[in-house]
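The values are calculated or read from the model by the stated rules, or taken from the named source; none is laboratory data. Bear in mind the structure is a predicted one, so any value in this text is a computation, not a measurement. Cβ: placed from backbone, ideal geometry, glycine included. Neighbour counts: every protein chain shown. Keep in mind that these areas ignore ligands, DNA and RNA; they rest on the heavy atoms of the full protein, side chains included. Shrake-Rupley method; radii C 1.70, N 1.55, O 1.52, S 1.80 Å.
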Amino acid sequence: MKQDEIIKAIIASAGDSPETRRQYLLQYLCQIQHRLSYIPGDAITQLAAMLQMPAAGIRGVIGFYAFLHEQPRGDYDILLSDSITDHMLGSRMLLQQLCNSLGVEIGVPRADGRVTVATTSCTGICDQGPAMLVNGQVISRLSGSRIDRICKLIETGTNISQWPAEFFQLEDNIRRRDLLLADETAAASPDGSALRVLLESGADALLDVIEKSGLRGRGGAGFRTAMKWRFCKQAAADNHYVVCNADEGEPGTFKDRVLLDSYADSVFEGMTLCAGVIGASRGYLYLRGEYRYLLEPLAAVLQQRRENGLLGQRILGKDGFDFDIEIHLGAGAYICGEESSLIESLEGKRGIPRNRPPFPVTHGFLKKPTVVNNVETFMAAARIAALGADWFCIAGTAESTGTKLLSISGDCERPGIYEYPFGVTIKQVLEDCGATNTQAVQVAGAAGTTLPVAEAGRCIAFEDVSTGGSFMIFNNERKLLDMVQNFAHFFAHESCGFCTPCRVGGSLLKDLVDKLVNGHATQYDITAMQQIGALMKRTSLCGLGSTAPNPVLDLLERFPQLVEDRLAHSGYEPAFDLDAALQEARDITGRDDAGAHIEAST
Ligand code: SF4
């Protein structure tokens, strides 16, 4: 099929009006990228005409998302996971091996167009790393020999469909089940019982049950689910929307991958339940671009639910209970995990966070009342509706009822998914996953908190250590500064750039952390880090900027000795060697006298 026909076919999948089509801009771009490996200039011109919007606006969207490109990628487009746990498993050496064997520079397509090798922040495979994506397909458990085999397959032009099946095997790795996952069959294949409860008891009674259960959002912020649904239900509008945030981008988090892989039916049941409560007829699952390989299996689950009368028109035969779900893909922007950015992205735009208030429950998708909840939250809501509030309250603490899924990775014998009642101590978690010689745990990902093992008596709960799910372990052999440096670079890269404290502060923090790691920092720099971190927390527009300094500030506060050991001296030292930087000028001018050196002339 010719390129313009491909684009016409892609666009034909949406409505006729340019306005409706513009909402799908990001989805069109993702599909074009997927089909052509890039978004050619004439495709942009064609899209601009069909969507009646400026080409510059389309380019602005492309530039925002890391997985969209205006230049061709290689036939094999490789993205190696760059998360700290992958580093700990040797990913940097494997990246070097890959580049050397294939003769490529990072991020630059090989001259023959065969292959591109680049990195991405985290692929969500931290329990089975090091991992990479090849044309969107995930390959886990990389080793030197596996890299060798991959290079041979690439050089011989072997189609990915003919690569060894074991390369693509991915385990769920569920190591501990509790309330939510204990009954595997019911959790994986709900029979619509949650929806029947809704139809029998009505929306208000169902909301009372969810309120009594104490369910709070599992993304980490912990907003009360019943309150969110009630606010949305009460907001008058001609349309309401349900959005499932499956943009699991926090480094070290991978539980949504497993839930979407094996328990998607329950997640969709929870979304449908929410729709029945708030009166929505449309829902969206926003799937992170790294999980594109889940797109087809998820679409198959949706289709099965339609055939079973659990989705679509007249759900369970009830007149007026009409609801369907679309899957929208993200494209490599961490900020889109923030709910207002996610909504912007769903509308086809750059994922810049919105000013709040108003909040999405009254002005969300297309400015209509919208519930945005996490994958795990929707699943829990469906199970609570089916089994009751008391079933849920049996586990957890007063402020944090129920259970929490943890994605455990790093220095332990048994990484994977662990479901615990809220209130479990970090010490217990470490014992269960086989962690020994632990120096620190990083809970809730890059935006979370780093705790020394001396604080392992603390609990996973909203009232103590809150987490969206990430739980990374570092033993005594690890350099925690490497982790802090990785996160500082991550945030500088992922800042959307909209507000100055985050855009500039994140970059300054990154440079200061580099200076510390390189042994050039002084007390002056430590004070600067504290001041910049505090400013970012106080003045950033959204959660990304206000949490970005956490790893640095935790390091300074909880691991002062590590910092002290890296300080050059107590005075001031510039971030780079100015005298060395002038060498090129000295070479050009042929001068090497005392006046041409900084030390001598100052
Ligand atoms: Fe963008 Fe950072 Fe500002 Fe959030 S805090 S709006 S990510 S620049």
- Message: Could you tell me the relative contact order of the stretch 403-478? Use alpha-carbon pairs under 8 Å, at least six residues apart, and round to a whole percent.
- Response: 38
- Long-range share for the stretch 481-566, i.e. C-alpha pairs more than 22 Å apart as a percent of all pairs, stands at 16
- Please state the relative contact order of the chain as a whole percent: Cα pairs under 8 Å, 6+ residues apart? 13
- Item | Computed E for Arg92/Asp148 - FRET, C-beta separation, R0 22 angstrom, nearest 0.05 | 0.80
- Message: Please list, by residue number, every one of the GluC sites (Glu not before Pro) in the stretch 385-442 that is coil in DSSP and has at most 14 other beta-carbon atoms within 10 Å.
- Response: Glu399, Glu413
- Query: Setting aside same-chain residues fewer than 8 positions from Lys8, which lysines have a Cα under 28 Å from its Cα?
  - Reply: Lys349
- Message: Please report the antiparallel percentage of the DSSP beta bridges confined to the chain, to the nearest 5.
- Response: 45
- Rounded to the nearest 0.05, FRET efficiency between Asp577 and Ser161 (Cβ-Cβ, R0 51 Å) equals 0.45
- Item | Hz values of 3J(HN,Hα) by residue in the stretch 224-241 - Karplus curve (6.51, -1.76, 1.60), Gly and Pro given as x | 5, 5, 4, 5, 4, 5, 5, 4, 5, 4, 6, 6, 6, 5, 6, 9, 10, 9
- Mean shadow area (nm²) of the C-alpha convex hull around the stretch 122-175 is 4.0
- Query: At a 1.4 Å probe radius, carbon and sulfur cover how many percent of the accessible area of the chain?
  - Reply: 51
- What order, most packed first, do the peptides 216-224, 444-452, 33-41 have when packing is the mean number of other Cβ atoms within 10 Å of each residue? 444-452, 216-224, 33-41
- Note on the structure: Note: the stretch 3-64 at 4 °C, 1.567 mPa s; Kirkwood Rh on alpha carbon pairs; Stokes-Einstein D in µm²/s works out to 114
- If amide H atoms are built 1.01 Å from N in the plane of the peptide, which residues on other chains or at least 5 residues away come under 5 Å of the amide H of Asp324? Arg282, Gly283, Gly312
- Let me know the shape class of the stretch 289-417, please: from the alpha-carbon gyration tensor, a ≥ b ≥ c as square roots of the eigenvalues, rounded when a/c is under 1.5, otherwise prolate if a/b is greater than b/c, or oblate. rounded
- Task: Compute the accessible area per residue over the chain, keeping the other protein chains in place, probe 1.4 Å, unit Å².
- Result: 40
- Message: Would the stretch 174-393 count as rounded, prolate or oblate if I go by the C-alpha gyration tensor, calling it rounded below 1.5 in a/c and otherwise prolate when a/b exceeds b/c, oblate otherwise?
- Response: rounded
